[in-house]
Amino acid sequence: MEDVALIFKALGDEIRLEIVRMLIDKELCVCDILAAFDKSQPAISHHLKILKQSGIVLDSRDGKWIYYRLNPQVFNQIEVFLQLCKMATKERYRTCSPN
């Protein structure tokens with residue numbers, strides 16, 4: 001459960017959500033990600049570090065460039081968690097017994 005909390009915490013920022021959206025179905029160089037924002041390089045690097053630490057993104061180095069891509073295993077984890085939540089809402093709960 002701690003892993004899922006870390007993932008949701010990382011996704012709780014608009015810039016990080018936008019980075020995730022940008023990475024859907026493609027791998028991007030850090031320079032491409034940086035160019036999409038009106039933020040400093042250290043600020044974007046900080047957001048990428050959080051996404052990487054939570055496991056949401058994976059990176060690989062090619063010379064001096066770092067490329068980022070989504071980690072599908074993390075989204076499978078989120079999907080399982082959300083399915084459990086969805087199933088729990090279908091269950092009926094008994095009222096507390098007076099005893």
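The values are calculated or read from the model by the stated rules, or taken from the named source; none is laboratory data. Small disclaimer: the values here were computed from a predicted structure and weren't measured. Neighbour counts run over all protein chains shown; Cβ positions are idealised from the backbone, glycine included. Note: areas computed on protein heavy atoms with side chains; ligands, DNA, RNA excluded. Shrake-Rupley method; radii C 1.70, N 1.55, O 1.52, S 1.80 Å.
General remarks:
- Under the simplified labelling scheme, the Asp25-Gln73 pair shows an inter-label distance of 2.5 nm, with each label point 7 Å from Cα along Cα→Cβ.
- The chain, accessible surface, carbon-and-sulfur percent (1.4 angstrom probe): 54 percent
- Per residue, the accessible area of the chain comes to 75 Å², computed with a 1.4 Å probe over protein heavy atoms only.
- In a simple Cβ point-charge model (Lys, Arg +1; Asp, Glu -1; nothing else charged), the chain has a dipole of about 280 debye relative to its Cα centre.
- Spin-label model, Ala36/Glu18: points 7 Å from Cα along the beta carbon direction are separated by 0.9 nm.
- Asp38 - accessible surface, heavy atoms, 1.4 Å probe, Å² rounded to 10: 150 Å²
- Between the helical axis of 72-90 and the longest alpha-carbon principal axis of the chain there is an angle of about 20 degrees.
- Working note: Debye formula, equal point scatterers on the alpha-carbon atoms of the chain, no solvent; log10 I(q)/I(0) at q = 0.10, 0.19, 0.25 Å⁻¹ is -0.36, -0.92, -1.36.
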